[in-house]
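Data block below; observations after.
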Amino acid sequence: MPRGPIDLHTHSSVSDGTETPTQLIRAALAAGLDTIAITDHDSTAGWDEALTAAEGTGLQVIRGIELSTRHEWRSVHLLGYLFDPNDAELVAETGRTRDDRLGRAERMVTRLSEDFDITWADVLAQSGGVTIGRPHIADALVARGIVPNRSAAFESILHFTGGYYLPHEAPTVLDGVRMIAAAGGAPVLAHPATRGREAVVDERSLARLVEAGLVGLEVGHRENTPEGRERLLELAEQFDLVTTGSSDYHGEGKPNRLAENTTTPEALERIIAATSGVPAARA
């Protein structure tokens, strides 16, 4: 039986977290977690360091990713667990997404520099990982004293209605589900009932995703609306999907705290049973 909470959605400095994979593992141990999933955006580069840091601690590490996808014009994030990191299609797709994220970030900074004292060098100084995105632009704005913190940046200047936001290329959510499943992983829709995004999860769309290999829905997440959570639970029962709860921890990059939402052992067992890419690792 697990000795502590299970948190299946966290980020390290490989993407937009503020802690290295080693520091993330230490934070998980300090929080009393039994199991943590490292799910950096469009990258598996933190897996090995996290596993090394967890050796001898008894912490179970679930290797994962948060894949950038889209549904029509909306950005949709897809969690993938225990897939083969060397799957050729997935490696190529995540590489394309990271490259476009970089170009998109540069274009956004060019726009911002017309109105604010910020440069691309400022953004690079804030990013130590392989996936550069809006959080690093937010950190640069904070460092310049333009906004007080990341959250303020996302609520104002970097909001999609703020005039500086630009989209980036990403596969459709259907293709994302198919790719993770084909690589032996378990795809789970990340926080799919956030404000303004409830329409992403409808019965017709969800039926297609389930047919493509969708395993679950992230229900326990601070950004899901209460009404959205209720609807997700109904859909999970209708389609026999796993429901998870997670923190979406980013270190000091977000107010989210480890284990503020958690996943049941039974749900994790179903996720592991649905995979064949890499095993869960108990240090």
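The values are calculated or read from the model by the stated rules, or taken from the named source; none is laboratory data. Predicted model, so just to flag it, every value in this text is computed and none were measured. Backbone-built Cβ (ideal geometry, glycine too); neighbour counts: all protein chains shown. The accessibility values were calculated without ligands, DNA or RNA, using every heavy atom of the protein model including side chains. Shrake-Rupley method; radii C 1.70, N 1.55, O 1.52, S 1.80 Å.
At-a-glance table
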{"item": "Hey, Leu268 of a type outside the set (Gly, Ala, Ser), in contact (Cβ under 8 Å) with a residue 60 or more places away in the chain, in a helix (DSSP H, G or I) and surrounded by 18 or more Cβ atoms within 10 Å (Cβ to Cβ) or not", "result": "yes"}
{"item": "Gly58 vs. criteria open to solvent by less than 40 Å² (accessible area, probe 1.4 Å) and assigned to a helix (DSSP H, G or I)", "result": "no"}
{"item": "Residue pairs meeting the criteria (Cβ under 9 Å; at least 6 apart or on separate chains; first within 16 Å of Met108 (Cα to Cα), in segment 144-163; second of a type in the set (Ser, Thr, Tyr) and open to solvent by less than 50 Å² (accessible area, probe 1.4 Å))", "result": "Ile157/Tyr164; Leu158/Tyr164; Phe160/Ser75"}
{"item": "Selection within segment 13-45 - open to solvent by less than 40 Å² (accessible area, probe 1.4 Å), touching a residue at least 40 places away in the same chain (Cβ under 8 Å) and assigned to a loop (DSSP other than H, G, I, E, B)", "result": "Ser13, Val14, Ser15, Asp16, Gly17, Glu19, Gly32, Leu33, Thr39, Asp40, Asp42, Ser43"}
{"item": "Matching residues in segment 208-237 - criterion: being open to solvent by 40 Å² or more (accessible area, probe 1.4 Å) and either more than 21 Å from Glu269 (Cβ to Cβ) or in contact with a Phe, Trp or Tyr (Cβ under 8 Å, 6 or more places away or on another chain) (or both)", "result": "Arg208, Val210, Glu211, Arg222, Glu223, Pro226, Glu227, Arg229, Glu230, Arg231, Glu234"}
{"item": "Answer residue from segment 65-105, given it is charged (D, E, K, R), at pLDDT below 95 and open to solvent by 30 Å² or more (accessible area, probe 1.4 Å) and is nearest to Thr10 (Cα to Cα) among those", "result": "Arg98"}
